[in-house]
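What follows is one structure encoded as structure tokens, with my remarks underneath.
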Amino acid sequence: MSYIMEIMPLMMQGLRTTIWVFVFTGLLSIPLGMIICTLRLSKSKILQGTMQLYILIVRGTPLLLQLIFVFFGLVYVGIVLDRGTAVLIAFTLNYAAYFAEIFRGGVMSISEGQYEASKVLGLSKRDTYFGVILPQVFKRVLPPVGNELITLVKDTSLVYVLGLGDVIRAAKTLSNTQASLMPIVVAGVIYLVLIAIVTYLLRRTEIKYNYYR
Amino acid sequence: MSYIMEIMPLMMQGLRTTIWVFVFTGLLSIPLGMIICTLRLSKSKILQGTMQLYILIVRGTPLLLQLIFVFFGLVYVGIVLDRGTAVLIAFTLNYAAYFAEIFRGGVMSISEGQYEASKVLGLSKRDTYFGVILPQVFKRVLPPVGNELITLVKDTSLVYVLGLGDVIRAAKTLSNTQASLMPIVVAGVIYLVLIAIVTYLLRRTEIKYNYYR
Amino acid sequence: MLKVENLSKSFGDKKVLENINFEVNKGDIAIITGPSGVGKTTLIRCLSSLEKYDSGKIEISERREEKQYPVGLVFQGFNLFPHLSALENITFPLIKVKKHSKEKAEKQAKELLASLGLEGLEESYEYQLSGGQKQRVAIARALALNPEYLCFDEPTSALDSELREDVGEMLRGIAKKGTGVIVITHDKIFAEKYATKLYELGEQLELRNS
Amino acid sequence: MLKVENLSKSFGDKKVLENINFEVNKGDIAIITGPSGVGKTTLIRCLSSLEKYDSGKIEISERREEKQYPVGLVFQGFNLFPHLSALENITFPLIKVKKHSKEKAEKQAKELLASLGLEGLEESYEYQLSGGQKQRVAIARALALNPEYLCFDEPTSALDSELREDVGEMLRGIAKKGTGVIVITHDKIFAEKYATKLYELGEQLELRNS
Amino acid sequence: SSRDKDKEDSWDMIEERGTIIVGLDDTFVPMGFKDGSGELTGFDVELAEEAIKSMGLDVQFQSIDWNLKETELNAGNIDLIWNGYTITEARREKVNFTTPYLDNQQVIVVMSDSSVKNKADLKDKAVATQNSSSALEAIESEGAKETFKNGDIVLFDTYNDAFMDLEAGRVDAVVADEILARYYIAQRGEEKYYILDEDFGDEEYGIGVRKEDTTLLEKLNTVLDEMKADGRAAAISDKWFGENIVK
Ligand SMILES: Nc1ncnc2c1ncn2[C@@H]1O[C@H](COP(=O)(O)OP(=O)(O)OP(=O)(O)O)[C@@H](O)[C@H]1O
Ligand SMILES: Nc1ncnc2c1ncn2[C@@H]1O[C@H](COP(=O)(O)OP(=O)(O)OP(=O)(O)O)[C@@H](O)[C@H]1O
Ligand SMILES: [Mg+2]
Ligand SMILES: [Mg+2]
């Protein structure tokens, strides 16, 4: 017990990093993902193509490399970001691409009949999208969005490459100084708890959407 | 050009690691995921509970920690695995849990009517599952399975923690010795190509399943 | 007038409609019968511009000045919005397309539902409705918008004879007010009773009486 | 004999069936009519054990020695298997449940499809079929398995009158061979013509004639 | 642009700012690491604090990924690499080093019951070290890597992992900085390990400075000399190693 108390301050310091990266990325990337999805599905070939290229590059390369690129690479074109900003930009741009694809999958899974009904009722593209399609999409994408958020909790550990200390880095440091695997086990438990909380909140939201089938 | 030639040998060595981890994990974890999904949906409360716990722990903790645990932690109970085996075990157990949940989502998305029709036709549970549900599930889970495989390509870089050198580690090492970001850009391009290949194969499979709507 | 000239349509190799000619005036109730699989649904899907046709022409003269496409459709499979209640299925398009206030839309929707025997089901979702109840919500939703022409794909297939009469009377009502009504049905009695023009779709679309 | 005693069923607060009594013998064609939303679909879903009921009893005497549940059902919404062709929709259960060889199953399925006017559509998938064509595939799929009792939920709603006759004759055929047939329909003519027992479901299930 | 700024001596800028940013891998015991309470500590950390304070400036520590240390330095994110940083030829091409302040050896550590008794025995054995470390450079420059098992060396992210692997028996030897190796051995149990008499060469620790920062380099060298002369360096060394090993 006293052992746990001893390692807790550093772990908590790491936890703070983990949580802010998670919360801000979540809050920023979901709306951005929706915008990207909308542009990706727009009529304009240019917008479509740009978004497709963007999604391809972001999903086609590791977030770790993207972090390095945003922080170190942009310096070459005169953009010097501080560590926190670089992390948020890289994470948000990365996760927005994933969310955009999830939303797109959701939009395309809505049956043709819903579009046809909207069309013959004379609903505008806009009303169809926001009134008929998106509300049904939300229900369907909740599970994959949840998965992505859980992955995000774990991906936060990549901030180590910019020298930020998250839970895992704290655990590895402590494991190093104490030559023991115990801090790693503690880190595992911390993640489990975090993810249990996220899962609980997701389930509550799912229940809310269960009013129809 | 000669510069590219200089960094290529180490990059290629890394690429070999990336590819075998990807291929073997893919081949082993998808069938295992199907088995876990089946057990998770079985009638036995014990099996259900065990699988739920397993999925919770695996998805609730980072793969990085799982790798450390399998490779270093198991030594404490006398199980000494070689690097390759440890990597495959940790990756397969991890990805199988994700695939299991994707399959379960697919199974549950099949409309009640399909189960009811099977039931009144007198089809056995087994025939319903393998003849009616799974074939429809395959079509629906293809996109999320594809996403997971693309994530796998990138996750292979975690093998660094067991002392294996993949593309990213090669790039970081070269970037360090040459004080240049170029190797990192090259690594990005390698990933893009790998993922483009995976995406192409996935699209081909999707087209195959397009015979019905 | 809604006028169809030499309309042809195939799915791949399969010719479904060939040189169909046909016209409906406002105030008409045109009823189309014909064997299963002959192309009736395909025809009215072309009319309401859900399906592209290979050749021919569909002309609509004297269009009201509105953005809304002038041909409505009640689907064979209903296509209700599952996330909206029976009432909302009707009010949502009214509010969005007709720009009605919420109150006005709800008043109109409730009256329509009641006239189709659905009082008390305003708050039900699609999965809670019986076959015939879904069908009536779909009819109410289309009627509420009052399009210039309105197609019905087997609107009484899941209804008992009393409700069929109710639907028939409603169609007469809207026809009288100037809507052009086009109905597909297998119900001969219904067809004979309510048609002002009765067609049979076989190889060709033939006028049986008017 | 299939015997229903004091069957009651509600959805939440809403009582749908209350103390229903009813029996069907093998060889009967029991036809149930009744207003939309009264509970007909719910009743036969209980018979084929898709829905749990709150109280009462459903007894089936003289069951053949088979694992298969003895009451089949053709759904109001068809529920075809979308990943199987029309032919496979029929052969798959035949091969799995009746253990027919593939050849035998295909032969039987083709005959059935032909007798329902679907020759040439063996390889079509659900999305390629018209409303009435889907309905007939669903009927063929249920008939092929030859259950002891077979329920039909509005089996002719999407069919023209000629096909209705065909279906009616088929029902007679299987009833003669010893199947107990239960049909829900809104088609009075069909009901009068083919029923050996005609019921109307209102507050109660009343026998109209037999 | 910042690129041009990189080429200028940044001393004026540092003085104006009043702070020197020291980059370190905060998992690197005993030179610079975070203890359980999250405080940075270690020999190099204390030495740096003392030295920079006597230059009249504040010190700020910045954790970095060790693989990217020179990238961080040249991007201007940190001003110094001061964290058991071995002076090697390869690194000299990218950074300037202060005069060495510690001696170090690349020692070979095996389990005490190992059959490996000298360098020659390492042939066809599995050998591990840390990635991007000076030990790796030393091994490669001796051409020893090719003689190891599979003609390769096992590279871990931290020495801790390498020692755990040694204990598990999956590698036969670990090549590490002596100072570091002694710390781990003390932590994990002295009797379990054996340090071979032969090694992969002597080395020296220095502080890494940007090539263009000649003023900073000069001032650092002066301060270090003063600290060695007046015994402040010796005191810190005593605290961490029980003896004065500063040279
Ligand atoms: N899941 C449900 N939840 C709540 N109410 C339901 C549910 N399913 C059916 N109902 C209600 O039960 C009643 C009976 O439905 P049922 O489908 O049995 O009617 P039906 O006689 O088959 O009508 P129809 O001829 O229109 O198909 C209806 O009023 C319907 O609204
Ligand atoms: N997507 C499609 N691909 C191929 N064939 C199709 C497709 N949709 C419809 N068909 C075919 O076109 C023909 C006409 O279909 P349609 O739905 O118009 O018939 P219908 O007259 O409405 O019949 P029903 O009374 O049975 O609803 C049918 O033979 C059907 O198999
Ligand atoms: Mg049709
Ligand atoms: Mg019904």
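Against the list (1) within 16 Å of ligand 2 (Cβ to nearest atom); (2) of a type outside the set (D, E, K, R); (3) more than 20 Å from D:Lys188 (Cα to Cα), the condition C:Leu145 fails is (1).
Condition check ((1) of a type outside the set (A, V, I, L, M, F, W, C); (2) free of Cβ contacts under 8 Å to residues at least 40 places away in the same chain) across all residues:
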site	(1), (2)
E:Leu196	no, no
E:Val209	no, no
E:Leu216	no, no
E:Arg232	yes, no
E:Gly242	yes, yes
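Considering (1) under 18 Å from the mean Cα position of the chain (by Cα); (2) within 10 Å of chain C (Cβ to nearest Cβ), the lone condition that A:Asp127 does not fulfil carries the number (1). Among the numbered criteria (1) more than 16 Å from ligand 3 (Cβ to nearest atom); (2) in a helix (DSSP H, G or I); (3) touching a residue at least 60 places away in the same chain (Cβ under 8 Å), which one does C:Glu18 miss? The failed condition is (2).
Would you confirm, using the coordinates I've provided, whether A:Asp155 is open to solvent by 20 Å² or more (accessible area, probe 1.4 Å), under 27 Å from A:Ile57 (Cβ atoms) and out of contact with any Asp or Glu (no Cβ under 9 Å at 6 or more places or on another chain)? Spell out how you get there, then give the answer.
Values: open to solvent by 20 Å² or more (accessible area, probe 1.4 Å): yes; under 27 Å from A:Ile57 (Cβ atoms): yes; out of contact with any Asp or Glu (no Cβ under 9 Å at 6 or more places or on another chain): yes.
So A:Asp155 passes the test.
Would you mind stating whether C:Ser101 is away from chain D (no Cβ under 12 Å), open to solvent by 40 Å² or more (accessible area, probe 1.4 Å) and away from ligand 3 (no atom under 16 Å from the Cβ)? Spelling it out, C:Ser101 is indeed away from chain D (no Cβ under 12 Å), open to solvent by 40 Å² or more (accessible area, probe 1.4 Å) and away from ligand 3 (no atom under 16 Å from the Cβ). Just to be sure, is E:Ala138 crowded, with 21+ Cβ neighbours inside 10 Å, under 14 Å from the mean Cα position of the chain (by Cα) and at negative phi? So E:Ala138 fits the description; yes.
Listed here are the residues, each with its yes/no results for (1) open to solvent by less than 40 Å² (accessible area, probe 1.4 Å); (2) more than 21 Å from the chain's Cα centre (by Cα); (3) at pLDDT below 95; (4) among the hydrophobic types (A, V, I, L, M, F, W, C).
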position: E:Glu198; (1), (2), (3), (4): no, no, yes, no
position: E:Gly201; (1), (2), (3), (4): yes, no, yes, no
position: E:Tyr205; (1), (2), (3), (4): yes, no, yes, no
position: E:Val209; (1), (2), (3), (4): yes, no, no, yes
position: E:Thr214; (1), (2), (3), (4): no, yes, yes, no
position: E:Lys228; (1), (2), (3), (4): no, no, yes, no
position: E:Gly231; (1), (2), (3), (4): yes, yes, yes, no
position: E:Ala234; (1), (2), (3), (4): yes, no, yes, yes
position: E:Ser237; (1), (2), (3), (4): yes, no, yes, no
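Within segment C:104-135, the set of residues being over 20 Å from D:Gln135 (Cβ atoms) and either in contact with a Ser or Thr (Cβ under 7 Å, 6 or more places away or on another chain) or within 16 Å of ligand 2 (Cβ to nearest atom) (or both) comprises C:Ala105, C:Glu106, C:Ala109, C:Glu122, C:Glu123, C:Ser124, C:Tyr125. Within the set E:Ser132, E:Ser115, the sole residue that is open to solvent by less than 30 Å² (accessible area, probe 1.4 Å) and part of a loop (DSSP other than H, G, I, E, B) turns out to be E:Ser132. Checked across segment C:63-82, the condition of being within 16 Å of ligand 1 (Cβ to nearest atom), part of a helix (DSSP H, G or I) and of a type in the set (A, V, I, L, M, F, W, C) holds for no residue. Quickly run through segment C:21-57 and pick out the residues that are open to solvent by less than 30 Å² (accessible area, probe 1.4 Å), away from ligand 2 (no atom under 12 Å from the Cβ) and part of a strand (DSSP E or B). Selection gives C:Phe22, C:Val24, C:Ile29, C:Ala30, C:Ile31. For the structure I just gave you, tell me whether C:Ala138 is open to solvent by less than 10 Å² (accessible area, probe 1.4 Å), within 16 Å of ligand 2 (Cβ to nearest atom), in contact with a strand residue (DSSP E or B) (Cβ under 6 Å, 6 or more places away or on another chain) and not assigned by TED's automatic domain parsing to the domain that holds C:Asn21. So C:Ala138 fits the description; yes. Is it true that some residue in segment D:148-158 is more than 19 Å from the chain's Cα centre (by Cα), under 23 Å from C:Glu200 (Cβ atoms) and open to solvent by less than 30 Å² (accessible area, probe 1.4 Å)? Scanning segment D:148-158 turns up no residue that is more than 19 Å from the chain's Cα centre (by Cα), under 23 Å from C:Glu200 (Cβ atoms) and open to solvent by less than 30 Å² (accessible area, probe 1.4 Å).
If you go through segment C:123-132 and pick out every residue that is more than 15 Å from ligand 4 (Cβ to nearest atom) and surrounded by fewer than 18 Cβ atoms within 10 Å (Cβ to Cβ), you end up with 1. Condition first: modelled with pLDDT of 95 or more, within 16 Å of ligand 2 (Cβ to nearest atom) and either in the same structural domain as C:Glu88 (by TED's automatic domain parsing) or farther than 26 Å from D:Phe152 by Cβ (or both). Can you find one or more residues in segment C:177-187 that meet it? Yes: one or more hits.
Just so you know, in segment A:191-211 the residues that are touching a residue at least 60 places away in the same chain (Cβ under 8 Å) and surrounded by fewer than 20 Cβ atoms within 10 Å (Cβ to Cβ) include one that is nearest to the chain's Cα centre (by Cα), and it is A:Leu202.
Within segment E:168-194, the set of residues being over 19 Å from the mean Cα position of the chain (by Cα) and surrounded by fewer than 20 Cβ atoms within 10 Å (Cβ to Cβ) comprises E:Ala168, E:Gly169, E:Arg188, E:Gly189, E:Glu190, E:Glu191, E:Lys192, E:Tyr194. Listed by position, the strands (runs of 3 or more DSSP E) inside segment C:104-206 whose residues that are within 14 Å of chain D (Cβ to nearest Cβ) number at least 3 are C:197-201.
Just name the residue that is farthest from the chain's Cα centre (by Cα) out of those in segment C:70-83 that are more than 8 Å from every other protein chain (Cβ to nearest Cβ) and open to solvent by less than 20 Å² (accessible area, probe 1.4 Å). Only one residue tops the list, namely C:Pro70.
Given C:Leu150, C:Leu113, C:Leu118, which one is of a type in the set (A, V, I, L, M) and within 16 Å of ligand 4 (Cβ to nearest atom)?
Numbers: C:Leu150 fails: within 16 Å of ligand 4 (Cβ to nearest atom); C:Leu113 fails: within 16 Å of ligand 4 (Cβ to nearest atom).
From the options C:Leu150, C:Leu113, C:Leu118, the qualifying one is C:Leu118.
Checked against (1) modelled with pLDDT of 95 or more; (2) in a loop (DSSP other than H, G, I, E, B), C:Thr91 passes all but condition (2). The strands (runs of 3 or more DSSP E) found entirely in segment E:26-112 that carry 1 or more residues being within 8 Å of another protein chain (Cβ to nearest Cβ) are E:32-34, E:58-63.
Here A:Arg104 fulfils each of the conditions (1) under 26 Å from B:Ile197 (Cα atoms); (2) among the basic types (Lys, Arg); (3) touching a Phe, Trp or Tyr at 6+ places or on another chain (Cβ under 9 Å) apart from (3). For segment C:86-93, the count of residues that are under 22 Å from D:Ser10 (Cβ atoms), out of contact with any strand residue (DSSP E or B) (no Cβ under 6 Å at 6 or more places or on another chain) and open to solvent by less than 30 Å² (accessible area, probe 1.4 Å) is at least one.
The values are calculated or read from the model by the stated rules, or taken from the named source; none is laboratory data. This is a predicted model, so every value here is computed, not measured. Note that each Cβ is placed from the backbone with ideal geometry, even for glycine, and that neighbours are counted across all protein chains shown. These area figures cover heavy atoms from the full protein model, side chains too; ligands, DNA and RNA do not enter into them. Shrake-Rupley method; radii C 1.70, N 1.55, O 1.52, S 1.80 Å.
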